[in-house]
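Reading through the structure tokens given below for one structure.
Please treat every number below as a calculation from the coordinates, not as lab data. What you see is a predicted model; the values in this text were computed from it and never measured. Virtual Cβ from ideal backbone geometry, glycine too; neighbours counted across all protein chains shown.
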Amino acid sequence: MNSKVHTGIPFQLFQRNCSAGNRTFSCILVALLLTFCSTLSASAQKITIAAKAEPITNVLREIRKQAGYAFIYDTDVMSKAHPVTLNVNQKDITEVLPVLFKDQPLEYKMNGKVISVMAKKDRAKDKQHPIKGYVVDSLGKPIQNVSVHIKGTNQQTSTDKQGAFSFSDVAEGARLQFSLVGYGFSEAPATSNEMIVALHQRTETLAEVNINVSTGYQKIPKERATGSFALIDNRQLNRRVSTSIIERLEGITTGMLFNGNPVGGNGTRSNISIRGTSTIFANDKPLIVLDNFEYNGDINNINPNDIESITVLKDAAAASIWGARSGNGVIVITTKKGTLRTAPTFNANANVTIGEKPDLFYSRGLGPADYIELERFLFSKNYYDSSLSNAQMPALTPAVELMLLNRSGKLSNADLETQLDALKVHDVRNDMLKYIYQNNVNQQYALNLSGGTNQQRYFVSGGYDRNISNLKGDKYERITLNASNTYNFLKDRLSLTTSVIYTGTKNTADGNAYVYFSDKQILYPYARLADEQGNALPIPKLRTLFTDTVGKGRLLDWLYRPIDEIRLADNTSNQTNYLLNIDARYKILKGLSAEVKYQYGRTVILDRNLRSQETYFTRDLINSFSTINQATGAVTRRVPLGSILDLSNATATTNNIRFQADYVNNWANRHELNAIAGYEIRDYATDRNYNRFYGYNDEFATQTDVDYLTFFPTIYGTTTRRIPANRFLSAASNRNISYYANASYSYLQKYTLSASARKDESNLFGVNTNQKGVPLWSTGLKWDIKKEKFFEAPWMSQLQLRVTYGYNGNVDQSVTAYLTGSSLPDNGMGKPYTTITNPPNINLRWEKIRVMNLGIDFALLKERVSTSIEFYNKKGTDIMGDASLAPSAGLPTFRGNTANIKGNGWDITLNSLNTTGIVKWGTMLLFSNAKTSVSKYLKKITVVSDYVTGGIRNPIEGRPLFAVYSYRWAGLSNTGEPQGYLDGITSTAYSNIANSTNLDNMVYHGPANPTTFGSLMNTISWKQLSLSFNLIYKFGYYFKRPSLNSYALINGLFSLGDIEYTQRWQKPGDEKSTNVPALLYPTNQTRDDFYQNTEIVVEKGDHIRFQDLQLNYRIGKDVLRKLPVSSIEIYGYMNNVALLWKANKYGIDPDASGLPKPRSYAFGLKIGM
């Protein structure tokens, strides 16, 4: 027999002097080589062939030439083939081969990019035979949950997550039908070959296709999910350009509020909430899950380019599987993985973002001219005399120094006015923009390689980010590495997955945004940071009269030059974070598998702040603790010369292990059961230490010991102080044990019932055995009405009802069941002491949140319009709250499970495909309404000021946890005094109003955080060009605008006043045209507090923002056919485009905490190979 092994090119070597054994070995060797090479090839191209009565070998060579597939065959077998007449245009290999081999005495088998051709076996006697195959999309990626039906029978199955399907007995000549919502219908003859069927996405639908939502424990097909899930796929995530993965979620899912200016918490409250607030004092942040385990690291360590999808779990049925950590919602992040039977795919992404400088003139503070006139007024009132007699010698502004010279007769009135006028024309904000701020530039680079064979899939990626802040001297660098591999053994019964995620970051904080003068916390608005040549100028901290004479040249330079401080700073934070994951899964029986997952995580943070002797901080501290012998002139320095080094080390270690069993079965295509049960152990430990070193020499790493215990006199000679030690140690450990189970049952794919249960136990609890853990559970029901025979509405392609009920949980880690205290080093008399931070509580329990969710999903007009509407109701019990104690208890209040909260709301998603021609236009409207109120709170606050100015939380039963209250406003008096009401009578008795117990003396306006929010996104595409833009709206909340505070303005407390200063009452009759009180000196802080909290300064926070705009152009393989590139995408992105509308008339951005975020522009390039 004359045989050849062919790959489309004759291998003459193998037909010469080869025995049968050698030839067989050669065939195997070539097959292995070709299989290996196939993993390095690109994705298959489209095939175009026109052949008429051609030998089949010629056609195979042409396919190899166009698509890169290799063929192995015996020439004797091929000699029996019929001539081929074939005409195909731009078809996939999976479409060409069935046509090519139709009616041929041949059959084929695909293995990656290698196709074996052999003689067709005689199956005339076989009535039935097993078949198997895979369903893939147009990119060759497997599609899960595809319905595979044997035509004319009731035999049906669905593809697994590898896209695989199989039947044990299929009649000869049977045909298979393949369907999935969002994809085109396909039909193919059943063959004994390993079938590969391609389904193409239907472009005329907007509905999400092949949706599998991840809970972190399992992946659930969306059509079987009873709970409230929101899936954000890779396409949606990549629409926004950002280093942060969380920022990319804004405005693309319902129920999730991004609040740029959250009220309550003094910076500790989360700016992200899912369906409102679920706790009062406990952690209010959503749980972050990364690749199946809770993620405790910095969320900014996660590279967005490595993320495949994100699932937001919003109700009990979705989130209760996470038990006591799910009360605030769960964000499940899934990283990218390789795909079996896929050639290697290489992707590169690079972009640069340029941001504008912040708008410093947005600030409502006084300008130079107004501020100097204010100083003139205060000078006339002898306000600065106290500073002149202050032994600490605080600096005075240049304007005040000129006034002093004028008062002493050393400067004429004319010269005074001339020099003051010169100061009035200079605005320090221009200097800040020139010397302190810059345009930020963020660079992002990412590469990844993925693919797989029949038994292995892999994904490897690397990323580098470099962000130059808009504050000069600040920058951020991040390196990320991600590698995962999955291996299948024992005929796919055993799979082993390993992954490593490494992140290394360096944050440099050398910027100097907070430039203050003297002992104030402001900078006068006419300050100069540099001279005409750009040389740094000093900002006075101490009076020059003092610094120039106190040491007579023996002390260090005592001038503060803000621009030089940027150059001298050396403040870095280095963080190393890595996660190691191992997952072993074994298929015990059909449908039953067991799995073990283990994760080890470690984060190391090293903060290093080196302040050299040239920095003002070090010079000031050395000088302050220096003494001079007046007789000898000798200088004694308690703080040694040299640098000051602050070091902080922090480590966090995570160990997670999970044992889980999974069961999946389908009986007669009528009953389907999916169940999991498991047990997991979690340990999270932290360790921190802080140290300071004086007299530090960075070259030799040496330091000088100092005396931290003695109170030393300062150079001012009026006080004694200890040298700051800045040393601290802390450690904490949190251990949890959990048991869980989840199951869903479907009947006829129309009715689905789900249930889950979980019990968590923690070392934070445990005095009473029955309170060590908390059992949490949920149940849900789903009805697919569209599949009912009685339902006939051809215009409606989907109609489903869902209802869920259950409990989530939360834990406040600041309380324990045991008496705890905090040891502090100094009680004011040089002695250590301990304060009670947590009194004992044997009845301590976990917080529980009951959630009911009702949902309806429907699609119209062949899915051109799809809508999801959900209503939810929440009730939190055993919430941590404060309760008053009797004076004999020794503590004024007690924190325990004393409060309840409740909430409800709506989530509505509307997708529409408005046009489907050459120009496609789609719209996505998101609407959310979330209201939360306190239903029980035992600590009764009866003084009005505690609600109006009472800090972060002011709970009144029946009102929102964070609410805006104000004093009633009665206008200005004829002397410019603000007036309110005390028991219905106009009054200026501010202390009496503030301390009133009559709550009718205050006004409730509404929530302090948005209650109605959402977005409107439009996407327009024409050929390869796509444009999308997103509008975000937030309604239903209130805020207090900045207003004139005489006390803070005059005393330099965080404020340069307010532009209301020019609108203030100045003479009788002004009260008819203004509501701004007169400037009062001496100041009355109670009066200012009253005015700043009256109803006249309360504004609606409602606004609409043009959030972002994206434009991209994609070049496909049809253009790049001669290049080893499958696609090129060029894109541009603009963020924070504009504030389109706001309810307040003062130009205030209610979503800005401080200055609004500047507009930014991004440009990028993506390449796929």
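Here the stretch 909-1022 was treated as a single set of alpha-carbon atoms; its pair distances binned every 5 Å from 0 give 2, 10, 15, 14, 11, 9, 7, 6, 6, 6, 5, 4, 3, 1, 0 percent.
Remark on the stretch 258-326: hydrodynamic radius 13.8 angstrom, per the Kirkwood mean of 1/r across alpha carbon pairs.
The magnitude of the dipole of the chain, with charges of +1 and -1 set on the Cβ of Lys/Arg and Asp/Glu and taken from the Cα centre, is near 3500 debye. Local charge for Thr453 was computed over the other residues whose Cβ lies under 11 Å away, with Lys and Arg +1 and Asp and Glu -1, and equals +3.
Which lysines, if any, have their Cα less than 29 Å from the Cα of Lys1072, not counting same-chain residues under 8 positions apart? In chain and number order, the partners are Lys381, Lys1040, Lys1100, Lys1142, Lys1145. Beyond 28 Å, how much of the Cα-Cα pair distribution for the stretch 1018-1169 remains, as a whole percent? Distances greater than 28 Å cover 48 percent of the Cα pairs. Taking each DSSP H run with n ≥ 4 as -39500 (n - 2.57) and averaging over every residue of the chain yields -3000 deg cm²/dmol at 222 nm. Over the stretch 776-883, the ratio between the Cα radius of gyration and 2.2 N^0.38 Å evaluates to 1.98.
Per residue, the convex hull spanned by the Cα atoms of the stretch 356-399 amounts to 106 cubic angstrom. With q set to 0.21, 0.22 Å⁻¹, the log10 of I(q)/I(0) for the stretch 211-264, from the Debye formula over equal scatterers at the Cα positions, is -0.91, -0.96. Taking 22 Å as the limit for the C-alpha separation, the pairs Lys314/Lys931; Lys141/Lys336; Lys314/Lys782; Lys314/Lys875; Lys222/Lys759 exceed it in the case of Lys222/Lys759. Summing charges over all other residues whose Cβ lies under 13 Å from the Cβ of Leu396, with Lys and Arg as +1 and Asp and Glu as -1, gives 0.
Farthest towards the positive end of the charge dipole of the chain, among the residues Leu494, Ala963, Ser214, is the Cα of Leu494, using unit charges on the Cβ of Lys, Arg, Asp and Glu.
Report the gain in length on full extension from Thr576 to Gln1024: 0.36 nm times residue separation, minus Cα-Cα distance, nm rounded to one decimal.
Going from the current span to full extension adds 157.2 nm.
Set the Cα radius of gyration of the stretch 55-123 against 2.2 N^0.38 Å, with N its number of residues, and you get 1.04. From largest to smallest, the equivalent ellipsoid semi-axes obtained for the stretch 325-472 from the alpha-carbon gyration tensor read 64, 19, 13 Å.
Other residues whose C-beta falls under 10 angstrom from the C-beta of Asn734 contribute a net charge of +1, scoring Lys and Arg +1 and Asp and Glu -1.
Kirkwood hydrodynamic radius (Cα pairs, Å) of the stretch 219-363?
17.2
Here the stretch 961-1061 is treated as a sphere whose radius is the Kirkwood value from Cα pairs; by Stokes-Einstein at 10 °C and 1.306 mPa s it diffuses with a coefficient of 89 µm²/s.
Toward the positive end of the charge dipole of the chain, with +1 on the Cβ of Lys and Arg and -1 on the Cβ of Asp and Glu, the farthest Cα among Leu673, Leu405, Tyr937 is that of Leu673.
Listed from fewest to most Cβ neighbours within 10 Å, the set Thr867, Thr915, Thr254 follows the order Thr915, Thr867, Thr254. Report, in order of residue number, the helices in the chain meeting two criteria: a C-alpha extent of 24 Å or more along the helix axis, and a mean Kyte-Doolittle hydropathy of at least 0.5; treat each whole DSSP H run as one helix. Both cut-offs are met by 20-38.
Computed over the alpha-carbon pairs of the chain, the distance histogram in 10 Å steps reads 2, 8, 14, 18, 19, 15, 10, 7, 4, 2, 1, 0, 0 percent, short to long. When only alpha carbons of the stretch 451-540 are considered, Rg and Dmax amount to 26.1, 78 Å.
Cross-link partners for Lys120 among the lysines, with Cα-Cα distance under 28 Å and sequence neighbours closer than 8 places in the same chain left out: Lys4, Lys46, Lys52, Lys65, Lys80, Lys91, Lys102, Lys109, Lys132, Lys151, Lys491. Annotation for the stretch 477-521 versus the stretch 270-315: alpha-carbon center distance of 16 Å. Straight-line cross-link reach from Lys597 at under 14 Å between alpha-carbon atoms covers these aspartates and glutamates, not counting any fewer than eight positions away in the same chain: Asp291, Glu294, Asp583, Asp662, Glu680.
In terms of surrounding Cβ atoms within a 10 Å radius of their Cβ, Ser933, Ser116 rank from fewest to most as Ser116, Ser933. Annotation note: chymotrypsin sites (Phe, Trp or Tyr not before Pro) in the stretch 1005-1111 located in DSSP loop regions with a Cβ neighbour count of at most 15 within 10 Å are Phe1054.
Dipole orientation for the chain: of the candidates Ala527, Tyr1131, Asn623, Tyr1131 has the Cα lying most toward the positive pole (charges on Cβ; Lys, Arg +1; Asp, Glu -1).
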